[in-house]
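Chemist: Got a structure for you, written out below as structure tokens; questions coming shortly.
The values are calculated or read from the model by the stated rules, or taken from the named source; none is laboratory data. Quick caveat, the model's predicted, so the values are computed rather than measured. Cβ placement follows ideal geometry from the backbone for every residue including glycine, while neighbour counts extend to all protein chains displayed. We work out accessible area using only protein heavy atoms, side chains counted, and drop any ligands, DNA or RNA first. Shrake-Rupley method; radii C 1.70, N 1.55, O 1.52, S 1.80 Å.
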Amino acid sequence: MARPATVSREEVLDRLQKAFRACGYDATSLADLAEATGLKKASLYHYFPGGKREMVLAVVDKVMQEFAAAVAREHEMSGSAEKRLDLFFQVLLDYFGTGEELCVIGNLAVSSELPGVAGAVASGFSAWTNVLVRCLREMGVPKEEARMRALEAVALFQGSIVLTRGLNDPRIFRQLIKRMRVRLLSDVS
């Protein structure tokens, strides 16, 4: 009897990310995760001996590494802060597409208190905010105003995903992302 082909850890993480992104932590059972990955529960424990908590932490780590790589590209890119800001928005649009899928970090932010996850979620939101603040500061926006605009942008982004899903209208996401950029750059010359 031939052994089934093994699935890479990276592929398992991608599938887990989709499951947690769709339902969050609390509403996703181990059976759901097994179905999403195509693995038996025992195989999931092989990859993640710490169970569901270890799985979600690995997913958050993966998302944060991907975001960090995108941010690194933003820093390596020569040109104006405005061009780097445009790249940042393009990374978000590439990842979220039409905005019909929830943000795994945003979804986990409203899940039950999980040791280690709250810090990872805070780190994710802080990373997004810091990229925006850095660009705005380079464009001459005062520190506190840059911080507030960045926080509003992250809140608008997360809210746009919820509205897009709730109203079943993918146009909302792209419209609000465009508006977010305009609001961030208001009064910037």
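Chemist: Which of the residues that make up the stretch 24-41 are on the phi < 0 side of the Ramachandran plot and assigned to a loop (DSSP other than H, G, I, E, B)?
Modeler: As a first pass, look at the stretch 24-41 and keep what is on the phi < 0 side of the Ramachandran plot: 25-37, 39-41.
Once the filter is applied, which keeps residues that are on the phi < 0 side of the Ramachandran plot and assigned to a loop (DSSP other than H, G, I, E, B), the stretch 24-41 yields Y25, D26, A27, T28, S29, L39, K40.
Chemist: Could you run through the stretch 20-40 and say how many residues are surrounded by 12 or more Cβ atoms within 10 Å (Cβ to Cβ) and at pLDDT 90 or above?
Modeler: Count: 10.
Chemist: Can we say A127 is at pLDDT below 85 and open to solvent by less than 50 Å² (accessible area, probe 1.4 Å)?
Modeler: Here the answer is yes, as A127 does meet what is asked.
Chemist: For the stretch 43-65, check the following and say yes or no: at least one residue is at pLDDT below 75 and of a type in the set (D, E, K, R).
Modeler: no
Chemist: Which condition number does S111 fail, the rest of (1) over 19 Å from R21 (Cβ atoms); (2) at pLDDT below 80; (3) of a type outside the set (D, E); (4) open to solvent by less than 80 Å² (accessible area, probe 1.4 Å) being met?
Modeler: Just one mismatch for S111, condition (1).
Chemist: Residues being β-branched (V, I, T) and out of contact with any Leu (no Cβ under 8 Å at 6 or more places or on another chain): count how many of those fall in the stretch 131-161. Step through it out loud before you land on a result.
Modeler: Of the stretch 131-161, the ones β-branched (V, I, T) are 131, 133, 141, 154, 161.
Going one step further and asking which of them are out of contact with any Leu (no Cβ under 8 Å at 6 or more places or on another chain), we end up with 131, 133, 141.
Of the residues in the stretch 131-161, 3 are β-branched (V, I, T) and out of contact with any Leu (no Cβ under 8 Å at 6 or more places or on another chain).
Chemist: Report, by residue number, each residue of the stretch 158-187 that is open to solvent by less than 90 Å² (accessible area, probe 1.4 Å), under 25 Å from L136 (Cβ atoms) and among the charged types (D, E, K, R).
Modeler: Hit for the stretch 158-187 is R181, nothing else.
Chemist: Got a number for residues in the stretch 132-157 being open to solvent by less than 50 Å² (accessible area, probe 1.4 Å), among the charged types (D, E, K, R) and under 18 Å from the mean Cα position of the chain (by Cα)?
Modeler: Of the residues in the stretch 132-157, 0 are open to solvent by less than 50 Å² (accessible area, probe 1.4 Å), among the charged types (D, E, K, R) and under 18 Å from the mean Cα position of the chain (by Cα).
Chemist: Hey, could you check the stretch 1-13 for residues that are in a helix (DSSP H, G or I) and either in contact with a Gly (Cβ under 7 Å, 6 or more places away or on another chain) or open to solvent by 50 Å² or more (accessible area, probe 1.4 Å) (or both) and say which is farthest from V104 (Cα to Cα)? Step through it out loud before you land on a result.
Modeler: Pass one, the stretch 1-13, residues in a helix (DSSP H, G or I): 9-13.
After this cut, where a residue has to be either in contact with a Gly (Cβ under 7 Å, 6 or more places away or on another chain) or open to solvent by 50 Å² or more (accessible area, probe 1.4 Å) (or both) as well, the list is 9-11.
On the way: R9: 18, E10: 16, E11: 16 Å.
Of everything passing the filter in the stretch 1-13, R9 is farthest from V104 (Cα to Cα).
Chemist: Hey, another quick one. What are the residues in the stretch 170-189 that are in contact with a Leu (Cβ under 8 Å, 6 or more places away or on another chain) and of a type outside the set (A, V, I, L, M, F, W, C), if any?
Modeler: Passing the criteria: R174, R179, R181, R183.
Chemist: Which residues, taken from the stretch 138-179, are more than 24 Å from A22 (Cα to Cα) and free of Cβ contacts under 8 Å to residues at least 12 places away in the same chain?
Modeler: Hits for the stretch 138-179 are P142, K143, E144, E145, M148, K178.
Chemist: Looking at (1) over 21 Å from G159 (Cα atoms); (2) at pLDDT below 75; (3) open to solvent by 50 Å² or more (accessible area, probe 1.4 Å), which is the one condition that is false for A72?
Modeler: Only one criterion in (1) over 21 Å from G159 (Cα atoms); (2) at pLDDT below 75; (3) open to solvent by 50 Å² or more (accessible area, probe 1.4 Å) is unmet by A72, namely (3).
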